[in-house]
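Read-outs throughout are calculated quantities, based only on the coordinates presented, and are distinct from any laboratory measurement. This one's a predicted model, so the numbers in the text were calculated from it and none came from an experiment. We place every Cβ from the backbone using ideal geometry, glycine too, and count neighbours over all the protein chains shown.
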Amino acid sequence: MNSDFLRLRDWSAADLDAIFTLTRELKSQHKRGISHPLLARKSLAMIFEKSSTRTRISFETGMFQLGGHALFLSSSNTQIGRGEPIKDTARVLSRYVEGIMIRTYSQADVEELAHYADIPVINALTDMYHPCQVMADIFTVLEHKGSYRDQTYCWIGDGNNMAHSWINAATVLGFELRVATPKGYEPDADVMEWARQQGASIIYTSDPLEAAQGADILNTDVWASMGQEEEQEKRRRDFAGFQLNAGALAVANTGCLVLHCLPAHRGEEITEDVIEGPNSVVFDEAENRLHVQKAIMATLMQNTKE
């Protein structure tokens, strides 16, 4: 089992399934009011170079429910923002806390942090990957469909960090994925090549309705992610038609699930009637960030030194 949670491709299907099993157990205990202090007396350092709503609240609340403590560290009020080397931050934090969560831009920075840290590091988002979110998404499918394996998944939108993590997930867990992006916005070539070499069942297309045809899971994200605001108008033009709407649902399988990692720009990548409609499970999905991340933290941090 890996000691860090940086990319889904670093984990085996069996180990990811074990996290889902623990997620179900922890969520059930939480709903029944049963305490589960698996990380009592342990602390998590939460480094934020990108702002958030769901990430901070779910990790901080999760550590509290696990009996531990979370510390919010923003780049503006720590030495990280003043140019302290990542390797120094990693080695200092390793002597104070039992785990590090980081939400930042560069995947290379996260990997350097993990290399120098003696404690688990969790990638809570980079420009390249968003593994915790996709774990919550798949667990939501598991809850609603009974299994994530016998489903056809569709990604419509940007070939971004979410698309990359879905490609990782499809490859490791063995389900079919269709990825529809506008031309020029395809997923990273190295990510696609790795999946191809692993024999993944992934179709890439520039036709969103082709991707949605017969799909069981429809998924999307904003057209312009954080840090891409200057591209907003160009992306609005380029992504026209790459939308989860009534047309996409019409060609998908009956009873398909609609996912969105939030926040949503209603009327752009998803319509109001779809995100508020009977196929939408986006708020179950958002809630499951809490429970999946608790399982990830417990899996990584239970055996770290106190």
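When the Kirkwood hydrodynamic radius is evaluated over all pairs of different C-alpha atoms of segment 55-204, what value in angstrom, to one decimal, is obtained?
So the Kirkwood estimate lands at 17.2 Å.
Full extension of the chain between N2 and L209 gives 70.8 nm of extra length, using 0.36 nm per residue less the Cα-Cα distance. Highest mean packing comes first when the peptides 138-149, 172-183 are listed by Cβ atoms within 10 Å, giving 172-183, 138-149. Taken over segment 133-286, the alpha-carbon convex hull comes to 98 cubic angstrom per residue. Within segment 88-111, find all residues whose amide N lies under 13 Å from a label point positioned 7 Å from the Cα of T78 along Cα-to-beta-carbon. Counting backbone N atoms under 13 Å from the label point, the list is 88-105, 110. Segment 1-42 and segment 244-265 have Cα centres separated by 28 Å.
Pair-distance distribution P(r) for the chain, from all Cα-Cα distances in 10 Å bins starting at 0: 6, 28, 35, 23, 7, 0 percent.
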